[in-house]
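Colleague: This is the structure I have questions about; it appears just below.
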Amino acid sequence: MSLKNKLHNIKEKYKGKKMAPAFNALHTFLYLPNETTHGGTHVKAADDLKRTMNIVIIALVPCLIFGIFNAGYQHYLATGAIEASNGFLGGTFWTFDNLIHGAWKVLPLVIVSYGVGLAVEFLFAVIKGHEVEEGYLVTGMLVPLIVPVDIPLWMLAVAVIFGVVIGKEVFGGTGMNILNPALTIRAFLFFAYPTWMSGDKVWVSEAVERAGTADAISGETLLGAYAQNNTLPGVDVWDMFWGLIPGSIGETSKFLIIIGALFLIFTKIGSWRIMLSTVIGALVMGLIFNGVVDAGWISDSSKFYGLMSVPFWQHLIIGSVLFGAVYMATDPVTAAQTNKGKWIYGFLIGFISIMIRVFNPAYPEGVFLAILLMNVFAPTIDHYVIQGNVKKRMKRLKVKTA
């Protein structure tokens, strides 16, 4: 008997019972549902929720693989075991040692994220008696990519439980939540365990463990260095673009993020309007700050000078703005739904991200807070866009009937 038939028999055995959603989830995860519709007209399409989630995961896999190598590379580079790699295809980057160290650090985060998150999803499905939803498939991949490499696994587990329960299930599950669950998890980690989510020791593997010892290493990011009016030695623009810098696991390679963005746009899963407007908003805010510096309204001794003086376009390659714009802001549940609303929503995310980055040196990576803020205001934006359209139509109607 084939595995599919065995699973079907188990599914039939537990039909109507408490654990039915758990077995149904396993069956439909591996195979298409074997129910057929009878009578009536039905819309046939290939873009169901599961396929949508899988396409986003495919777009994230290159960032995950690169993040694994970069975790090992940044560790060995900081300890002096290797020299800086010469570009994206440099000989010291794609080495087996980097892969082993990175996998040892990153894969447990992926396992905990999926294991704990899906356990909560299954638990709520059994308790509430509904089918297990596929929404966490993408969240489970996003979470490991937006946290420091050495975040303790128990902290991640606690944050995942909080994010899934408070960020999604209390609102009714997938499709009903007003906040992005992955960003809710990251926000919980930042406010509950700030020493593990900021500073110059958390972004390079084992930097925290070596702190205060003879072989201590620094894990400072470019944003952290700029916030202190400093720079990271030996790092150029191409390193920022390819991703050969410290940072969250999946957000460093802007090259792979752009590839992922093109893939999501081509498959019509991600909104190009939100992506483009977020980039425009970030560039506009960067230009404003550059103008303030050029006008001499702020001195180089100011605590805001470092990030204000960064060339406006570099804001896109030294932090998580691009990653947030492509994979977070475009969440179809929590983002604006109208076309005009998407332009407003994305622009404000980019604009506010750079504003937070500059005015809060203690938390220079503001894109995630900006997205959460705009998640709250997305329904309001859509409301006023729709009301504006209604008023325009009413005016046209009055003109025609006059």
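Colleague: Mind running the shape call on region 172-326? Use the C-alpha gyration tensor, a ≥ b ≥ c as the square roots of the eigenvalues: rounded below 1.5 for a/c, prolate if a/b tops b/c, oblate otherwise. Write out the running numbers ahead of the final one.
Modeller: Numbers: a/c = 1.64, a/b = 1.15, b/c = 1.42.
Verdict is oblate for region 172-326.
Colleague: Using r as the Cβ-Cβ distance of Ser2 and Trp313, and R0 as 45 Å, what FRET efficiency do you calculate, to the nearest 0.05?
Modeller: Using R0 = 45 Å, I get an efficiency of 0.20.
Colleague: Please list 231-243, 169-181, 345-357 highest first by mean number of surrounding beta-carbon atoms within 10 Å per residue.
Modeller: Top to bottom by mean Cβ count within 10 Å: 345-357, 169-181, 231-243.
Colleague: Between Arg393 and Phe377, what is 0.36 nm times their sequence separation minus the Cα-Cα distance? Round to one decimal in nm.
Modeller: Working: separation 16, 0.36 × 16 = 5.76 nm, distance 2.47 nm.
Length difference between fully extended and current span is 3.3 nm.
Colleague: Would you please classify the overall shape of region 272-402 from the alpha carbon gyration tensor, given that a ≥ b ≥ c denote the square roots of the eigenvalues, rounded means a/c under 1.5, and beyond that prolate means a/b larger than b/c while oblate covers the rest?
Modeller: Verdict is prolate for region 272-402.
Colleague: Within 10 Å of each candidate Cβ there may be at most 15 other Cβ atoms; applying that plus a DSSP loop requirement, which trypsin sites (Lys or Arg not before Pro) in region 249-298 survive?
Modeller: Qualifying residues, ordered by number: Lys268.
Colleague: What do you reckon, how do Trp196, Trp203, Trp297 stack up by accessible area (1.4 Å probe), largest on top? Could you put the intermediate results ahead of the total?
Modeller: Values: Trp196 70, Trp203 35, Trp297 195 Å².
The ranking, largest first, comes out as Trp297, Trp196, Trp203.
Colleague: Let me ask something else about it. At Ser301 and Phe255, where each label point lies 7 Å from the Cα along Cα→Cβ, what is the point-to-point distance in nanometres?
Modeller: 4.3
Colleague: Could you put His315, His383 in order of accessible surface area, largest first, with the 1.4 Å probe and the full protein assembly present?
Modeller: His383, His315
Colleague: Now for a separate question. What is the spin-label model distance, in nm, from Asn9 to Asn339 if the labels are put 7 Å beyond Cα along the C-beta direction?
Modeller: Simple spin-label model gives 5.4 nm for this pair.
Colleague: Using Cα pairs under 8 angstrom and six or more residues apart, how large is the relative contact order of region 272-402, in percent?
Modeller: 31
Colleague: Are there chymotrypsin sites (Phe, Trp or Tyr not before Pro) in region 42-127 that DSSP marks as loop and that have at most 16 other Cβ atoms within 10 Å, and which are they?
Modeller: Trp94
Colleague: Which of Lys340/Lys392; Lys50/Lys342; Lys168/Lys342; Lys201/Lys254; Lys50/Lys268; Lys340/Lys400 have a Cα-Cα distance over 19 Å?
Modeller: From Lys340/Lys392; Lys50/Lys342; Lys168/Lys342; Lys201/Lys254; Lys50/Lys268; Lys340/Lys400, over 19 Å: Lys50/Lys342; Lys168/Lys342; Lys201/Lys254; Lys340/Lys400.
The values are calculated or read from the model by the stated rules, or taken from the named source; none is laboratory data. Remember, predicted model here, so these are calculated numbers, not experimental data. So basically every Cβ, Gly included, is an ideal-geometry build from the backbone, and we count neighbours across all protein chains shown. For accessibility, only protein heavy atoms count, side chains too; no ligands or nucleic acids. Shrake-Rupley method; radii C 1.70, N 1.55, O 1.52, S 1.80 Å.
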